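Worksheet for the structure shown next.
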Amino acid sequence: MPERSREQLGGRRRPWLVVSSLLCTAVAIDGAIAAPECVGGTLRQAADQAGVLVGAAAGSGSIANDALYAETLAAEFSSLTAEGEMKWDHLQREPGVWNFAGADALMAFAEANEMAVRGHTLVWNQRFVDSTPDWVEELTDPTTLRAAMAEHIGMVVGRYAGRVDSWDVVNEPLKTGRSVIWENHFYDVLGIDYIAEAFVLAHAADPSALLFLNEVGISTANARFDAFYQLVVELLEQDVPIHGVGFQGHFFTGVTDPAALEQNLRAFSDLGLVVEITELDIPLVTPDETPENLAIQAQDYANVVSACLAVERCTRVTMWGLTDRHSWINGFLGDGFEPLLLDEEYQPKPAYESFRSTLLVPEPAAPVLRIAGLFVVALMVRRPRSTRPLRL
Ligand code: G3I
């Protein structure tokens, strides 16, 4: 398995940044001084300090047509996932007819801005929302379906070999909303081995890429998690080249269980796998943007980030969209659920600040360091400001 540490994927921990960032937090708490320009002021800088990547799902159209979108994406995020443009139904809607324009544009944008790229996704077949084109669902002969899968994976992974660091090889092998059901078209035709076969094909096309099984609804302790965990164990026992597990993380405010999330992340980390939060959004539980609801949302984001930071092999947290204006939730649930870190006007929400400050104050040192930061600020504010400018 390609070994990637947090340092390789996300940067180094830098103690001076931790201290200076704590001072920012402490000053804000103190309230006596206007917020200073803090070191590590963006999410990206904070994530770099924490040694993880922070990503966002994005689209090439928004990057091309909205300068603020492009600028914010590059400033705030160190990793990029194509929200739709690397999916099968986008890249090869008809057999042998390839459309790489959007994916290539995203790749170029990421490289120009020194962002990592997650590949999403090679095989995803659900009854309702998925990315399998109709023509693939019409292939009922195992040999033909295998050949289509081999051609697709080989072409796509091969095109971005050495540039996409990780691929969601199979997305949502469990049926969404059901506890334990594996059926989909690939399963029906090829059996459960379609998963192993997809991983082997991806590994052959780019031996350097980390290969992930990505799933929704595996963040609590239940039969669904157990079944998914068992599948991963079996894949490892068969020497299938699987390197990571993606926890999608489509939550609702107030219902995330951070202890269970951390435990489940750790379960795979303990198997030697990389784990990531791959599609994070936390819509308000009611479409009501009150300060109370936004505060609950902020705490939920802090809980998710803390859970990842607590697990050694948790290397990246990816937001599923840039701002509340761009979220798929608007089409799925309707307006007003405001699931992301930036509002529709690109302004940071309480969730943004809690996400950022959680990255800056990794557990378990946080309480001690926060007190130290407050102590230093207390000393500073006793001096005349003209002789001791607070520029951290
Ligand atoms: O681009 C076409 C446009 O040309 C057409 O006019 C329009 C008409 O409906 O559709 C547009 O395509 C839509 C596409 O998003 C781009 O907006 C598709 O219909 C729509 O199905 C697609 O939805 C995406 C969905 O995956 C299916 O690919 C969502 O944006 C995307 O957020 C969602 O992401 C998934 C993850 O991949 C897997 N986990 C769940 C997550 C949320 O469903």
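The values are calculated or read from the model by the stated rules, or taken from the named source; none is laboratory data. It should be emphasised that the depicted structure is a prediction, and the values quoted were computed from it without experimental measurement. As a convention, Cβ positions derive from the backbone with ideal geometry for all residues, glycine included, and neighbour counts pool all protein chains shown.
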- Single match in Thr132, Thr81, Thr72, Thr121 (criterion: assigned to a loop (DSSP other than H, G, I, E, B) and at pLDDT 95 or above): Thr132
- Can you tell me which of Gly55, Gly41, Gly31, Gly10 is among the small types (Gly, Ala, Ser), at pLDDT below 95 and in contact with a strand residue (DSSP E or B) (Cβ under 6 Å, 6 or more places away or on another chain)? Gly10
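Residue-wise test of (1) basic (Lys, Arg); (2) under 30 Å from Ala295 (Cβ atoms); (3) crowded, with 20+ Cβ neighbours inside 10 Å.
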{"residue": "Leu236", "(1), (2), (3)": "no, no, no"}
{"residue": "His243", "(1), (2), (3)": "no, no, yes"}
{"residue": "Phe247", "(1), (2), (3)": "no, yes, yes"}
{"residue": "Phe252", "(1), (2), (3)": "no, yes, no"}
{"residue": "Val255", "(1), (2), (3)": "no, yes, no"}
{"residue": "Ala260", "(1), (2), (3)": "no, yes, no"}
- Item | Scope region 199-236; condition among the small types (Gly, Ala, Ser) and not in a helix (DSSP H, G or I); matching residues | Ser208, Ala209, Gly217, Ser219, Ala221
- Residue under evaluation Val129, criteria (1) more than 16 Å from the ligand (Cβ to nearest atom); (2) over 15 Å from Val245 (Cα atoms), criterion not met: (1)
- Query: Does Thr286 meet the test of being among the hydroxyl-bearing types (Ser, Thr, Tyr) and under 16 Å from the mean Cα position of the chain (by Cα)?
  - Reply: no
- Query: Which one of these does Leu53 not meet: (1) crowded, with 19+ Cβ neighbours inside 10 Å; (2) among the aliphatic types (A, V, I, L, M); (3) within 11 Å of the ligand (Cβ to nearest atom)?
  - Reply: (3)
- Message: I need the full set of residues from region 84-106 which are among the hydrophobic types (A, V, I, L, M, F, W, C) and either at positive phi or part of a loop (DSSP other than H, G, I, E, B) (or both), in order please.
- Response: Met86, Trp98, Phe100
- Where in region 276-369 are there helices (runs of 4 or more DSSP H), lying fully within it, with 1 or more residues that are among the polar types (S, T, N, Q) and either under 19 Å from Arg118 (Cβ atoms) or free of Cβ contacts under 8 Å to residues at least 12 places away in the same chain (or both)? 329-332
